[in-house]
Amino acid sequence: MNLKNSRFEWVCKKTESTGQKFLRLVAQWGCILFGFLTLLFMYYIPFLIVTVICAIAWFVLFRNRKTEYEFDYLSGDLAIFKISNGIRRKKKFTCNLDNIQYIKKGIDNQNSVKKFYFDPELVYSVQVSIPDGTYTLLIETDERFLQILDQEQKLRK
């Protein structure tokens, strides 16, 4: 079966850990508490600074509570998107099947590394040469994608 000219996608997801959730809630309540204290003590500068720091920390932790990487394969082209909170979708990397030199199981840190995985047990290293340079992509892959690369003799065991 020739999968090279097909279209499929796969997703790897990460949800907020307990520690991140705890920090987000501490930052949220710190923002509320120190904001109230700032108003109560007539804009006391140290309370205002702590309020701003808590607000920034809460904002950053809130935006990154759910992250997904979506891998789209379409007729020899691979595109990787980062999806934050199911709302924002940003293209992080794209390449052609001809640009892939090899893929192997495990982490390979030879060149510039781009990480698109969450579970170290499922990670594959993909060596890619594009006009910008040579990169090693660390991705969680799909069986169909591995079959295509095996057909192209790019899968290293």
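Scanning the range 38-76 for residues that are outside any helix (DSSP H, G or I) and more than 30 Å from Arg144 (Cα to Cα) gives Phe41, Met42, Tyr43, Tyr44.
Hey, does the range 86-98 have a residue that's touching a residue at least 40 places away in the same chain (Cβ under 8 Å) and over 23 Å from Val11 (Cβ atoms)? Looking for residues that are touching a residue at least 40 places away in the same chain (Cβ under 8 Å) and over 23 Å from Val11 (Cβ atoms), one finds none in the range 86-98, hence no. Looking at the range 11-37, which of the residues that are outside any loop (DSSP other than H, G, I, E, B) and in contact with a Lys or Arg (Cβ under 8 Å, 6 or more places away or on another chain) is nearest to Ala57 (Cα to Cα)? For the range 11-37, the residue satisfying everything is Arg24. Counting residues in the range 12-28 that are under 27 Å from Val128 (Cβ atoms) and open to solvent by 50 Å² or more (accessible area, probe 1.4 Å) gives one or more.
Within the range 53-110, restricting attention to residues that are of a type in the set (Val, Ile, Thr), over 11 Å from the mean Cα position of the chain (by Cα) and modelled with pLDDT of 85 or more, the residue that is surrounded by the most Cβ atoms within 10 Å (Cβ to Cβ) is Ile103.
The values are calculated or read from the model by the stated rules, or taken from the named source; none is laboratory data. Being a predicted model, the structure only gives us computed values, none of them experimental. Backbone-built Cβ (ideal geometry, glycine too); neighbour counts: all protein chains shown. Areas reflect the complete protein model, heavy atoms only, side chains present, ligands, DNA and RNA absent. Shrake-Rupley method; radii C 1.70, N 1.55, O 1.52, S 1.80 Å.
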